[in-house]
1. Quick check on Arg136: is it open to solvent by 10 Å² or more (accessible area, probe 1.4 Å), of a type in the set (Lys, Arg) and either within 20 Å of Gly406 (Cβ to Cβ) or in contact with a Leu (Cβ under 6 Å, 6 or more places away or on another chain) (or both)?
2. Pick from the range 370-409 the residues that are within 14 Å of the ligand (Cβ to nearest atom) and under 19 Å from Arg45 (Cα atoms): which of them is most open to solvent (accessible area, probe 1.4 Å)?
3. Only one residue in Gly178, Gly226 is surrounded by fewer than 22 Cβ atoms within 10 Å (Cβ to Cβ), within 30 Å of Thr342 (Cβ to Cβ), at pLDDT 95 or above and not aliphatic (A, V, I, L, M). Which one?
4. What are the residues in the range 54-69 that are touching a residue at least 24 places away in the same chain (Cβ under 8 Å) and open to solvent by 30 Å² or more (accessible area, probe 1.4 Å), if any?
5. Which condition number does Glu104 fail, the rest of (1) more than 14 Å from the ligand (Cβ to nearest atom); (2) not in a helix (DSSP H, G or I) being met?
6. Any residue that is buried (at least 21 other Cβ atoms within 10 Å of the Cβ) and among the hydroxyl-bearing types (Ser, Thr, Tyr) - is there at least one of those in the range 262-280?
7. Would you please name the residue that is farthest from Ser300 (Cα to Cα), looking only at residues in the range 324-350 that are within 13 Å of the ligand (Cβ to nearest atom) and surrounded by fewer than 17 Cβ atoms within 10 Å (Cβ to Cβ)?
8. Could you grab the pairs with beta carbons closer than 8 Å, sequence gap of 6+ or different chains, first residue in the range 127-145 and small (Gly, Ala, Ser), second one open to solvent by 40 Å² or more (accessible area, probe 1.4 Å) and in a helix (DSSP H, G or I)?
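The values are calculated or read from the model by the stated rules, or taken from the named source; none is laboratory data. Please read these numbers as outputs of a predicted model, since none were measured by experiment. Here the Cβ positions follow ideal geometry from the backbone for every residue, glycine too, while neighbour counts run over all protein chains shown. Accessible surface is based on the protein model in full, side chains and every heavy atom, while ligands, DNA and RNA are left aside. Shrake-Rupley method; radii C 1.70, N 1.55, O 1.52, S 1.80 Å.
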Amino acid sequence: MSEPKPSNLSAPNPRSSSDLWDAVILGAGAAGLMTAIVAARRGKRVLLLDHAKKPAEKIRISGGGRCNFTNIGTTEKNFLSHNPRFCISALRTFKPKNFIAMVEAHGIAWHEKTLGQLFCDDSAQQIIDMLLAELRQAGGTLRLETVIKGVEKRGDLFVIETNKGTQQAHSLVVATGGKSIPKMGATGLGYDIAQQFNVPIIPTRAALVPFTFSDAQKSWSDPMAGLSVDARVCVGKKSFREGLLFTHRGLSGPSILQISSYWQEGVPVIIDLAPDANCFDTLAVARQEHPKQDVATILSSILPKRLAKAVCERDHIHGHIAQLGDKALRKLDDAVHRWTVTPIGTEGYRTAEVTLGGVDTKAISSKTMQANETPGLYFIGEVLDVTGHLGGFNFQWAWASGYAAGNAL
Ligand code: FDA
């Protein structure tokens, strides 16, 4: 990475050991890298700092190692925020096709998996290599293993104290992401900086995260661990139809991760374990046509065998189908199409893909990502209260918000 020469200091309190940059960007993840590339291409002197040993670790592990780097169906409807229209401007300016163009210019092969989700054919590392190559070509500077000790604004300049010296910049871009997966370097630094500059925070919680069950719930569900079904999962009026996976801790899979962003503790989740089937009709027809068949065997034409057996056992419904009245069939119909379950919690930030809440966007310009009350201070990516659904939307937000700030600073 080339090191552009810092310009002469003209800060109110210049320090001989400081470097002066147009922008210092905290966090070399998806959003920070995009801002650095865009600003450096415009001739800005940018310094990207990260405390990690390697940049963009979340890109590396994303999409099962293949990075679901965007979603071609991205609209504001794919995001949760207390300010739902905030994301529109950035998303309309930098679209999935713009990122795809960058990917293609670097010869990275990709494919659409399902529901508009685009993945690398080979490896997520290709996306990281692409971003680093772009940054290098644009003349941006990346410094890793840099601990941020504190930031402050002196006059028109931001002063950033690190374990490797002091930096000064006309703009400070906070791109430190959310709280999910602390093991990978996630910290609350972005929220602390927001509070320092009186930018409000919407309370945060883990999202796109598996549900956990009580011991009593697990004693029923544990034998199903590893089993997956296509399911429709609802909380209130919100529903998602995708895969559901039984785990040793509770429930996971795309439909569960999606609904977790809308779930609050104590709220029941209603699950249709066989959305394309009509359980009551199937059982009623079988009662006429195969009266001697075991009810669990008939149910296994709709559900995986292990699950069919467990549902019948839990509801104490067994024996030949001919022995069962409509009431029992309705009970099974409910168990299949309206399984009502209240998880005791989620796996939390340890495994969550994203953080819900964050920097309140009412205090931020939707065009530039700049804080309304602090000129030169920008927040981008996941640290903001903009949280995407599962499926490439969170990276698209990182690229789009990063692009907006990179063009504005
Ligand atoms: P990001 O978290 O990427 O980067 C923040 C950077 O700041 C990190 O490099 C970190 O080290 C640094 N940092 C943090 N604190 C610091 C401090 N105190 N000092 C210095 N540096 C600091 N999304 C998607 O669209 N498609 C997908 O396939 C996936 N898959 C996926 C899998 C898994 C397992 C997870 C956890 C997440 C995903 N995501 C995803 C979500 C996606 O990874 C996430 O939304 C973006 O990476 C957010 O980009 P940011 O740049 O905002 O933060």
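1. yes
2. Per the criteria, the residue is Tyr403.
3. Gly226
4. Matches in the range 54-69: Lys54, Glu57, Lys58, Arg60, Ile61, Gly63, Arg66.
5. (2)
6. Within the range 262-280, not a single residue is buried (at least 21 other Cβ atoms within 10 Å of the Cβ) and among the hydroxyl-bearing types (Ser, Thr, Tyr).
7. It comes out as Arg350.
8. That search, which allows pairs on different chains as well, returns Ala138/Arg41.
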